[in-house]
Amino acid sequence: MKNDNALFYTCSLIEYIGREQKLQRKEVVNTLGKDYIKRIYTYSDVFHCEQIAKVADDFITLCNIPKGDFDNVSSCKYEVPDYWTIGEVYKRLIEDVTPDDNSILSTLNDVYNSWISDSISNYNSDFFYQTREYIALCFKEGEVVE
């Protein structure tokens, strides 16, 4: 399903929580777990009515998401992309590699727990700026394609 606003919000919230708690994004996804990810996705139209900082804080507290030491924001030498921008990168990738609409959340889990999440989170590279087709191709190939 293209242009999935619920997926966009879910991915942006994951990015926001990751930055707040200084965790790799897969750590956020795994700590939230499938049930809470599904809840965020299903009720994104309600959650987006509140400030994302409040929603993030609610889930950080509810799921006991710990503080880590992964700080890709302060280690960035260039302009830091905002969490909405990175949420969009993940959304497009998940849309592009999901075999059918029924497995969108399973694919979300697979993408965040794969090697590509580290590449997207490296703000000192230009990987996250690449076209959606290129990023999807890299994911399918299992490596950055030259």
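The values are calculated or read from the model by the stated rules, or taken from the named source; none is laboratory data. In this text the structure is predicted, and so the values were computed from the model without any measurement. Cβ: placed from backbone, ideal geometry, glycine included. Neighbour counts: every protein chain shown. The accessibility values were calculated without ligands, DNA or RNA, using every heavy atom of the protein model including side chains. Shrake-Rupley method; radii C 1.70, N 1.55, O 1.52, S 1.80 Å.
Scanning the stretch 86-106 for residues that are free of Cβ contacts under 8 Å to residues at least 24 places away in the same chain and either touching a Lys or Arg at 6+ places or on another chain (Cβ under 9 Å) or under 20 Å from Phe70 (Cα atoms) (or both) returns a single hit, Ser106.
On the given criteria, is Lys38 farther than 26 Å from Tyr134 by Cβ and among the basic types (Lys, Arg)? Spelling it out, Lys38 is indeed farther than 26 Å from Tyr134 by Cβ and among the basic types (Lys, Arg). Among residues of the stretch 1-20 being without any contact (Cβ under 8 Å) to a residue 60 or more places away in the chain and aliphatic (A, V, I, L, M), the one that is most open to solvent (accessible area, probe 1.4 Å) is Ala6. Here the condition is being of a type outside the set (Lys, Arg), at pLDDT 95 or above and open to solvent by 10 Å² or more (accessible area, probe 1.4 Å); of Leu93, Leu108, Leu137, it holds for Leu137 alone. Considering only the stretch 107-146, state which residues are closer than 20 Å to Val29 by Cα, in contact with a Ser or Thr (Cβ under 8 Å, 6 or more places away or on another chain) and free of Cβ contacts under 8 Å to residues at least 40 places away in the same chain. Within the stretch 107-146, Thr107, Val111, Ser119 qualify. Residues of the stretch 21-77 that are surrounded by 17 or more Cβ atoms within 10 Å (Cβ to Cβ) and acidic (Asp, Glu): Glu27 alone.
Listed by first and then second residue, the pairs linking a residue in the stretch 56-81 that is among the basic types (Lys, Arg) to a residue that is surrounded by fewer than 11 Cβ atoms within 10 Å (Cβ to Cβ) and in a loop (DSSP other than H, G, I, E, B), with Cβ atoms under 8 Å apart and 6 or more places separating them unless they lie on different chains, are Lys77/Asn124. Is there a residue in the stretch 112-131 that is open to solvent by less than 40 Å² (accessible area, probe 1.4 Å), modelled with pLDDT under 95, touching a Lys or Arg at 6+ places or on another chain (Cβ under 7 Å) and within 19 Å of Leu7 (Cα to Cα)? Looking through the stretch 112-131, at least one residue is open to solvent by less than 40 Å² (accessible area, probe 1.4 Å), modelled with pLDDT under 95, touching a Lys or Arg at 6+ places or on another chain (Cβ under 7 Å) and within 19 Å of Leu7 (Cα to Cα). Being of a type in the set (Val, Ile, Thr) and over 23 Å from Asp110 (Cα atoms) is a condition met by at least one residue of the stretch 58-74.
Among the helices (runs of 4 or more DSSP H) confined to the stretch 35-146, the ones with at least 3 residues that are within 15 Å of the chain's Cα centre (by Cα) and farther than 23 Å from Glu20 by Cβ are located at 83-97, 104-112, 132-141.
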